[in-house]
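The values are calculated or read from the model by the stated rules, or taken from the named source; none is laboratory data. These numbers were taken from a predicted model, which means no experiment stands behind them. Note: ideal-geometry Cβ built from the backbone for every residue, glycine included; neighbour counts use all protein chains shown. Please note that ligands, DNA and RNA were not included when accessible areas were found on the heavy atoms of the full protein model with its side chains. Shrake-Rupley method; radii C 1.70, N 1.55, O 1.52, S 1.80 Å.
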Amino acid sequence: MSTAVTVITRDQMREQRDLAAKVRRHPARPASYHIVTLGCQMNVHDSEKLAGMLRDMGLSEADTRGDAELVLFNTCCIRENAQRKALGNITWLKELKKAKPGLLIGVCGCMMQQQGMAERILTQYPFVDLAFGTGDFYRLPEMLLRLLESGARVVDVGEDPSTLFEDVPVYRTAPHKAYVAITHGCDNFCSYCIVPYVRGRERSRQAAQILKEVEALAASGVQEVTLLGQNVNSYGHDRGEMDFARLLQLVSDTGIPRIRFMTSHPKDLSDALIEQLATNSRVCGHLHLPVQSGSDRILGLMNRRYTAEKYLERVRALRKAAPHIGLTTDLIVAFPGETEEDFRQTMDLVRDVRFDSAFTFVFSPREGTKAAAMDGHLPKEVATERIERLIALQEGITGEVLASLAGTTQHVLVDGTARRREHLTGKGERNISVNFPGDPALIGRIVPVTITGAGSNTLRGRIMKEETT
Ligand code: SAH
Ligand code: SF4
Ligand code: F3S
């Protein structure tokens with residue numbers, strides 16, 4: 001595998017914009033698009049860029065895939081069910097295409113970047129018109145033009161997705177909050193994980209580019225940015241320009257009211273980052289810090305590069321400096337060779353830390369990863385039984401944590417109306433949803449809400465005073 005990062009030049013990006021103009025004028029250009037996005041926030045953000053480029057080419061957004069002339073699938077392959085879902089969706093489109101022969105179908109994202117997938121699409125999915133990977137999508141104008149001019153399918157997946165590019169138009173739907181990618185790819189090679197293979201080498205955007213983007217967002221009234229990366233807190237290791245804590249300070253200096261970030265790796269949780277979380281009032285009091293397992297033996301096999309004790313030490317340091325902070329995590333059960341004793345250590349760690357919430361996953365073997373080839377894969381029944389115990393434990397803790405927040409004030413960025421129509425909903429600093437009665441005119445604003453009660457995953461409250469903070 002190559003270790004080089006390919007920086008796409010301004011001239012290359014300019015060329016794509018010229019090609020976008022040609023697509024816009026092309027008589028056979030589709031009039032509308034619909035993007036289906038699977039996977040994580042990075043994929044959601046990539047879809048915002050795909051939408052930006054398609055709009056630049058003159059296409060408008062269709063509300064449903066049935067209404068669109070071009071349907072793009074931005075896929076995920078993190079676990080087997082994610083991949084199954086992607087392939088199922090594509091097969092479903094085959095039927096739609098029978099009814100609507102002019103329909104163009106595109107597939108992109110992480111699944112396409114897997115070894116052998118491009119060939120598989122070529123042979124098994126002949127109704128797919130366009131396929132590209134995670135490192136090439138800036139060339140969408142070029143690929144769409146090729147498709148329109150030749151009428152032949154375009155399958156163009158580069159072997160190494162480690163590209164770095166700027167100046168792609170982004171179409172963001174919410175006016176009050178925005179994703180901003182700060183790093184791409186991952187070099188950690190956790191033994192179970194496919195991401196380093198499908199997203200390429202870890203590479204940080206230049207700080208000046210990130211700050212320019214956040215400044216523009218702040219100027220347009222955006223209230224909250226979420227800085228994205230597979231491992232945000234290793235930001236800058238590749239450039240040597242600055243670290244993540246310094247970047248956070250500079251992002252907050254732009255005047256953007258709120259900053260979130262994800263995902264952080266425990267091995268890179270520095271004291272300087274803890275200090276930012278503790279003292280910078282623009283940085284939200286929430287840290288997503290995936291622990292994966294509470295057993296040192298399993299953490300070693302996972303290649304996570306910390307021990308349970310090291311994780312707990314970082315949590316203690318964080319809570320000492322910033323007791324108000326909510327912690328969330330990711331956990332994997334039934335990693336190859338996981339014994340009942342290893343699993344019990346995970347349960348103990350969860351009891352010890354008391355996370356606000358946790359994403360729990362059953363280990364899913366991904367072809368080409370080290371863990372897939374390890375001995376000791378566990379039967380499904382064992383995995384199911386363990387994940388159920390873990391979920392029940394965490395649900396109890398979540399209930400207690402939420403109940404303990406009664407009487408506190410959460411500053412909620414209002415996203416919209418809740419299911420109960422007269423109620424608004426949004427997230428407080430700790431990233432927990434809060435529902436409360438209020439005027440829809442407050443959507444997009446940050447309001448102080450006193451917490452009056454808790455459901456299983458959400459808080460209830462009432463507005464302290466109808467002012468932005
Ligand atoms: N970069 C982030 C998130 C990666 S994917 C991080 O390092 O934390 C999100 C989560 O999916 C991971 O934290 C892990 O818990 C889970 N995951 C990844 N690969 C998996 C696999 N093969 N089987 C089960 N869960 C997996
Ligand atoms: Fe995957 Fe590990 Fe990288 Fe996260 S840090 S993306 S789990 S390899
Ligand atoms: Fe999935 Fe790719 Fe994200 S594999 S989780 S969409 S980085």
Discussion item. Can you show me the helix-derived [θ] at 222 nm for the chain, built from DSSP H runs with n ≥ 4 at -39,500 (n - 2.57) apiece and divided by the number of residues, rounded to the nearest 500.
Written reply: -11500 deg cm²/dmol
Practice prompt. With a 1.4 Å probe and every protein chain kept in, tell me what percent of the accessible surface of the chain is carbon plus sulfur.
Written response: 50 percent
Worksheet item: What are the ³J(HN,Hα) values, in whole Hz, obtained from phi via the Karplus relation 6.51 cos²θ - 1.76 cosθ + 1.60 with θ = phi - 60°, for each residue of the range 258-270 in sequence order, with x given for Gly and Pro?
Response: 9, 10, 10, 7, 6, 10, 9, 9, x, 5, 10, 7, 7
Discussion item. Given bins 5 angstrom wide, list per bin the percent of all Cα-Cα distances in the range 409-463, short to long.
Written reply: 5, 25, 39, 24, 6, 0
Practice prompt. Take the Cβ-Cβ distance between E95 and E166 as r, set R0 to 35 Å, and report the resulting FRET efficiency rounded to the nearest 0.05.
Written response: 0.35
Discussion item. For the range 357-420 and the range 227-275, what is the centre-to-centre distance using only Cα atoms, to the nearest Å?
Written reply: 25 Å
Response to the item:
With a ≥ b ≥ c from the Cα gyration tensor eigenvalues, square-rooted, and the rule rounded for a/c under 1.5, otherwise prolate when a/b > b/c and oblate otherwise, the range 1-107 is oblate
Worksheet item: Any idea what the dipole of the chain comes to, in debye rounded to 20, about its Cα centre with Lys/Arg Cβ at +1 and Asp/Glu Cβ at -1?
Response: 780 debye
Discussion item. I want to check the label-to-label distance for E15 and F359. Put each point 7 Å from Cα in the C-beta direction and report it in nm to one decimal.
Written reply: 3.6 nm
Discussion item. On a full-extension model of 0.36 nm per residue, what is the gain between T417 and D348, subtracting their alpha-carbon distance, rounded to one decimal in nm?
Written reply: 21.0 nm
Worksheet item: Just from the alpha-carbon atoms, what are the Rg and Dmax of the chain in angstroms?
Response: 22.8, 65
Worksheet entry | FRET E, pair T458, R316, Förster distance 30 Å, beta-carbon r, rounded to 0.05 | 0.60
Discussion item. Can you give me the angle between helix 10-25 and the longest principal axis of the chain, using Cα atoms only, in degrees from 0 to 90, rounded to the nearest 10?
Written reply: 60 degrees
Worksheet item: Suppose R0 equals 51 Å; then what is the FRET efficiency for D296 and Q206 from their Cβ-Cβ distance, rounded to the nearest 0.05?
Response: 0.85
Discussion item. Residue by residue through the range 205-216, what is 3J(HN,Hα) from phi via Karplus (6.51 cos²θ - 1.76 cosθ + 1.60, θ = phi - 60°)? Round to whole Hz and write x for glycine and proline.
Written reply: 6, 5, 4, 4, 5, 5, 5, 4, 5, 5, 4, 5
Worksheet item: So for the chain, taking the charge dipole from beta-carbon charges (+1 Lys/Arg, -1 Asp/Glu), which of V128, Q276, Q230 sits furthest toward the positive end?
Response: V128
Worksheet entry | Point-charge dipole on Cβ atoms (K/R +1, D/E -1) for the range 409-463, about Cα centre, debye to 20 | 120 debye
Discussion item. Starting from 0.36 nm per residue, how many nanometres of slack lie between T173 and M374 once their C-alpha separation is accounted for?
Written reply: 68.1 nm
Fill in: Given charges at beta-carbon only (K, R positive; D, E negative), |dipole| of the range 337-469 in Debye
620 debye
Fill in: Positive-end extreme of charge dipole, the chain - chosen from L248, Y197, L378 (charges on Cβ)
L248
Worksheet entry | Options T458, L442, N431, ranked by Cα towards positive dipole end of the range 409-463, top entry (Cβ charges) | T458
